[in-house]
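Undergrad: Below you will find the structure I want to go over with you.
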Amino acid sequence: MSADRAPDEHFIRHFTSLECPAFVPGILLCLATEITPLWQATEAFLQQHNIAPPFWAFAWPGSQALAHYVTANPHIVAGKRVLDFAAGSGLAAIACAKLGAEVEAADIDRLAKVAMGMNAAANGVALEVLAEDVVGQDCRWDVILCGDVCYEAPMTRHILPWLRRCAAHALVIIADPGRAYVPRDGFTELARFVVPTSLVLENATSRQVVLMRLEPIILEACSA
């Protein structure tokens, strides 16, 4: 363990436990078991270490649906170059790596990068973790997986034109659990799943998640 990562790894181990998401029982993740203490701890940790809210500590419905889908359809990613975009815990990335994909997992949250490395190690796979904004980079992937990325208008405006450009060269799949700013056209539905979730996270015991293949056409992003 490097000295600069040691405090982050200690924080993650202290406030999470290794568990399998309900919809993807074959993958272990460092997950929060009591949401309020973790968020409060992260708020204090943020002041000292510039850490974002701990989205990485939860298996969000979109990521669970993506991991479930590729596991059931391994030909989609096996032997391919895959990007798990806004990867959070790295759940979808780990599912792809277990199937023999060459995976990059991108998230701008520094703590997410550490958590993904720990999660990958727990599952015996290797990920190339990118703690940077990859939006605007040339598409070097065969498959791009996006779990629940259209939850805010500014985010959608930032990422959607780039994802559509990438869709000319790669299979781009967005997992939507019913967010307000998801594209309303220019996509092909691939699958629907009902994914168990937490009442605290989603105000529901489950979410219907739609997996959409983004088409390579340029449309205006959803307005606020």
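Undergrad: Assigned to a loop (DSSP other than H, G, I, E, B) and either within 18 Å of the chain's Cα centre (by Cα) or at pLDDT 75 or above (or both): which single residue out of 222, 150 fits that description? Show your work before the answer.
TA: Details: 222 fails: either within 18 Å of the chain's Cα centre (by Cα) or at pLDDT 75 or above (or both).
Only one candidate passes the filter, namely 150.
Undergrad: Of the conditions (1) touching a helix residue (DSSP H, G or I) at 6+ places or on another chain (Cβ under 7 Å); (2) free of Cβ contacts under 8 Å to residues at least 60 places away in the same chain; (3) buried (at least 19 other Cβ atoms within 10 Å of the Cβ); (4) not polar (S, T, N, Q), residue 166 satisfies every one except a single condition; which number is it?
TA: Failing condition for residue 166: (1).
Undergrad: Still on this structure, please answer the following. Out of (1) modelled with pLDDT of 80 or more; (2) surrounded by 15 or more Cβ atoms within 10 Å (Cβ to Cβ), what's the single condition that is false for residue 205?
TA: That leaves (2) as the condition not met.
Undergrad: Here is a follow-up. Please work out which one of (1) touching a residue at least 60 places away in the same chain (Cβ under 8 Å); (2) in contact with a His (Cβ under 8 Å, 6 or more places away or on another chain) is the condition residue 122 fails and give its number.
TA: Every condition holds for residue 122 apart from (2).
Undergrad: Continuing with the same structure: Scanning for something assigned to a strand (DSSP E or B) and either modelled with pLDDT of 95 or more or out of contact with any His (no Cβ under 7 Å at 6 or more places or on another chain) (or both), does the stretch 94-102 turn up at least one residue?
TA: We begin by selecting, within the stretch 94-102, every residue assigned to a strand (DSSP E or B); these are 102.
Of the ones still in play, those that are also either modelled with pLDDT of 95 or more or out of contact with any His (no Cβ under 7 Å at 6 or more places or on another chain) (or both) are 102.
Taking every residue of the stretch 94-102 in turn, at least one turns out to be assigned to a strand (DSSP E or B) and either modelled with pLDDT of 95 or more or out of contact with any His (no Cβ under 7 Å at 6 or more places or on another chain) (or both).
Undergrad: Here is a follow-up. Against the conditions (1) farther than 18 Å from residue 30 by Cα; (2) out of contact with any helix residue (DSSP H, G or I) (no Cβ under 6 Å at 6 or more places or on another chain), where does residue 103 fall short? Just the number, please.
TA: Just one mismatch for residue 103, condition (2).
Undergrad: Please determine whether any residue of the stretch 34-46 is at pLDDT 90 or above and over 30 Å from residue 191 (Cα atoms).
TA: Filtering the stretch 34-46 for residues at pLDDT 90 or above gives none.
Scanning the stretch 34-46 turns up no residue that is at pLDDT 90 or above and over 30 Å from residue 191 (Cα atoms).
Undergrad: Can you tell me which residues in the stretch 162-187 are assigned to a loop (DSSP other than H, G, I, E, B) and within 13 Å of residue 147 (Cα to Cα)?
TA: First, the residues of the stretch 162-187 that are assigned to a loop (DSSP other than H, G, I, E, B): 167-170, 177-186.
177, 178, 179, 182, listed by residue number.
Undergrad: Something else now. Assess whether residue 138 counts as being in contact (Cβ under 8 Å) with a residue 12 or more places away in the chain and assigned to a loop (DSSP other than H, G, I, E, B). Walk me through it before giving the result.
TA: Details: in contact (Cβ under 8 Å) with a residue 12 or more places away in the chain: no; assigned to a loop (DSSP other than H, G, I, E, B): yes.
No: the conditions fail for residue 138.
Undergrad: While we're looking at this one, here's another question. Failed condition for residue 159, given (1) surrounded by fewer than 23 Cβ atoms within 10 Å (Cβ to Cβ); (2) modelled with pLDDT of 95 or more; (3) part of a helix (DSSP H, G or I); (4) of a type in the set (A, V, I, L, M), with all others met?
TA: (2)
Undergrad: Continuing with the same structure: I'm told residue 113 meets every condition in (1) under 19 Å from residue 134 (Cα atoms); (2) over 14 Å from the mean Cα position of the chain (by Cα); (3) of a type in the set (Lys, Arg) except one. Can you identify the failing condition by its number?
TA: (2)
Undergrad: Further question on the same structure: Only one of (1) small (Gly, Ala, Ser); (2) surrounded by fewer than 24 Cβ atoms within 10 Å (Cβ to Cβ); (3) part of a loop (DSSP other than H, G, I, E, B) is not met by residue 88, so which one is it?
TA: Only one criterion in (1) small (Gly, Ala, Ser); (2) surrounded by fewer than 24 Cβ atoms within 10 Å (Cβ to Cβ); (3) part of a loop (DSSP other than H, G, I, E, B) is unmet by residue 88, namely (2).
Undergrad: Considering only residues that are at pLDDT 90 or above and either buried (at least 20 other Cβ atoms within 10 Å of the Cβ) or not hydrophobic (A, V, I, L, M, F, W, C) (or both), which ones fall in the stretch 177-192?
TA: Our first condition is that a residue be at pLDDT 90 or above; within the stretch 177-192, this holds for 187-192.
Within the stretch 177-192, 187, 188, 189, 192 qualify.
The values are calculated or read from the model by the stated rules, or taken from the named source; none is laboratory data. Quantities reported herein were computed from a predicted structural model and do not represent experimental measurements. Because the Cβ atoms are built from the backbone with ideal geometry, glycine has one as well, and the counts that use them run over all protein chains shown.
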